[in-house]
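Colleague: Once you've had a glance at the structure underneath, I'll fire off some questions.
Quick note: the coordinates plus some simple rules give every number you see, no bench work behind them. Being a predicted model, the structure only gives us computed values, none of them experimental. Counting neighbours? That spans all protein chains shown, and the Cβs are built from the backbone with ideal geometry, glycine included.
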Amino acid sequence: MANENNEMTVIVGGHGKTGRRVAERLRAMHRPVRVVSPSTPVPFDWSDETTWPPALAGASALYLTYHPDLAIPGAAEHVRRLTRVAVDAGTEKIVLLAGRGEPQVHPAEDAVRDSGAAWTILECAFFMQNFSEGVLAPQDDTIAFPAREVREPFIDCDDIADVAVAALVDDAHAGKTYELTGPRAVTFGEATAELARATGRPLRYVPVSFEQYATGLAEHFTAPVVEFFIDLFRFLLDGHNASVTRDVERVLGRPPRDIRDFARTAAEVLR
């Protein structure tokens with residue numbers, strides 16, 4: 001049975017790439033939504049557990065993202081404690097955003113599975129929106145990343161949001177773990193070429209070393225966080241995630257969006 005329209009969905013990380021899209025879709029369906037983050041009127045802070053009960057009060061469903069990454073040490077315990085608070089407060093359904101091909105996130109996934117709530121796990125490939133809103137955004141017409149010629153089936157965040165909303169409103173997705181990818185795997189260089197064609201910019205992909213990339217990250221993150229991300233990228237960027245799945249189509253009844261479609265959509269932002 002689908003959730004009734006008067007049941008509140010709380011979105012942890014509701015200003016993020018997927019969270020804000022989930023919120024937009026639920027609001028368009030006239031479903032009550034509470035977006036929570038450290039800066040919202042009802043604040044939520046992973047490092048301040050006193051903020052959790054007010055943020056989750058009245059929630060029948062929860063869309064859960066973790067900052068800066070679900071694989072980071074301590075995330076699983078945070079998620080386990082949060083889901084306990086949520087279920088005790090009456091939350092009946094949890095949809096968790098996770099990374100694809102990352103055994104590092106499995107403890108956090110298991111915390112959600114063990115929570116007592118109905119659950120759906122979304123294990124996602126690299127976001128296409130990282131090219132327009134995130135770490136892969138061009139700098140001086142250059143996209144520098146330590147991915148060499150690795151192929152990645154990039155996923156559009158709009159597809160993730162559509163699947164997340166389906167899981168939040170339809171109980172048929174309870175107990176499912178979906179691997180969400182785009183329709184084809186491309187290299188980071190091929191993705192950059194699609195963006196260049198769509199924008200008319202002379203964009204180029206530069207495959208830097210992990211050490212070079214760490215130097216850039218150090219301008220934005222502490223040393224332990226930089227070390228974490230470099231270790232994670234070393235693990236992820238070995239080709240083991242190059243395969244394509246059909247889970248988006250299984251859930252939505254349509255194929256996922258292609259990187260070429262994303263490039264056309266993002267061209268106005270990237271020009």
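Colleague: Sort largest first and round to whole Å: the equivalent ellipsoid semi-axes of region 1-65, each the square root of five times a Cα gyration tensor eigenvalue.
Modeller: Equivalent ellipsoid semi-axes, largest first: 20, 13, 9 Å.
Colleague: Compute and list, largest first, the equivalent-ellipsoid semi-axes of the chain from the alpha carbon gyration tensor, each √(5λ) rounded to a whole angstrom.
Modeller: Semi-axes from the Cα gyration tensor: 31, 21, 17 Å.
Colleague: OK, next. Considering the dipole of region 41-100 built from charges on the beta carbon (Lys and Arg +1, Asp and Glu -1) around the Cα centre, which of Gly99, Ser60, Val85 is farthest to its positive end?
Modeller: My answer, from the dipole projection, is Gly99.
Colleague: Sort Asp140, Asp171, Asp162 by Cβ crowding within 10 Å, fewest neighbours at the top.
Modeller: By the 10 Å Cβ count, ascending, the order reads Asp140, Asp171, Asp162.
Colleague: Based on DSSP H runs of at least 4 residues, each adding -39500 (n - 2.57), what is the mean residue ellipticity at 222 nm of the chain after dividing by all its residues, to the nearest 500 deg cm²/dmol?
Modeller: Mean residue ellipticity at 222 nm (helix-derived): -11500 deg cm²/dmol.
Colleague: With charges set only on the Cβ (+1 for Lys and Arg, -1 for Asp and Glu), what does the dipole of region 73-208 come to about its Cα centre, in debye to the nearest 20?
Modeller: 260 debye
Colleague: Cut-off is 10 Å between beta-carbons; in what order do Met29, Met128, Met8 appear when sorted fewest neighbours first?
Modeller: By the 10 Å Cβ count, ascending, the order reads Met29, Met8, Met128.
Colleague: How far is helix 157-169 tilted off the main Cα axis of the chain, in degrees rounded to 10, range 0 to 90?
Modeller: For helix 157-169, the angle is close to 10 degrees.
Colleague: Where both residues lie in region 93-142, what percent of DSSP beta bridges are antiparallel, nearest 5?
Modeller: Counting DSSP beta bridges with both partners in region 93-142, the antiparallel share is about 10 percent.
Colleague: Please work out the ratio of the alpha-carbon Rg of region 83-128 to 2.2 N^0.38 Å and round it to two decimals.
Modeller: 1.22
Colleague: Fewest Cβ neighbours within 10 Å first, please rank Cys124, Cys157 accordingly.
Modeller: By the 10 Å Cβ count, ascending, the order reads Cys124, Cys157.
Colleague: Now, a different point. Could you quote the convex hull projected area for region 77-206, Cα atoms only and averaged over all directions, in nm²?
Modeller: 9.1 nm²
Colleague: Which value, in debye to the nearest 20, gives the size of the charge dipole of the chain about its Cα centre, when Lys and Arg are +1 and Asp and Glu are -1 at the Cβ?
Modeller: About 640 debye.
Colleague: Which value, in debye to the nearest 20, gives the size of the charge dipole of region 14-86 about its Cα centre, when Lys and Arg are +1 and Asp and Glu are -1 at the Cβ?
Modeller: Here region 14-86 has a charge dipole of around 420 debye.
Colleague: Still on this structure, please answer the following. Using only Cα atoms and rounding to the nearest 10 degrees, what angle (0 to 90) does helix 19-28 make with the longest principal axis of the chain?
Modeller: 60 degrees
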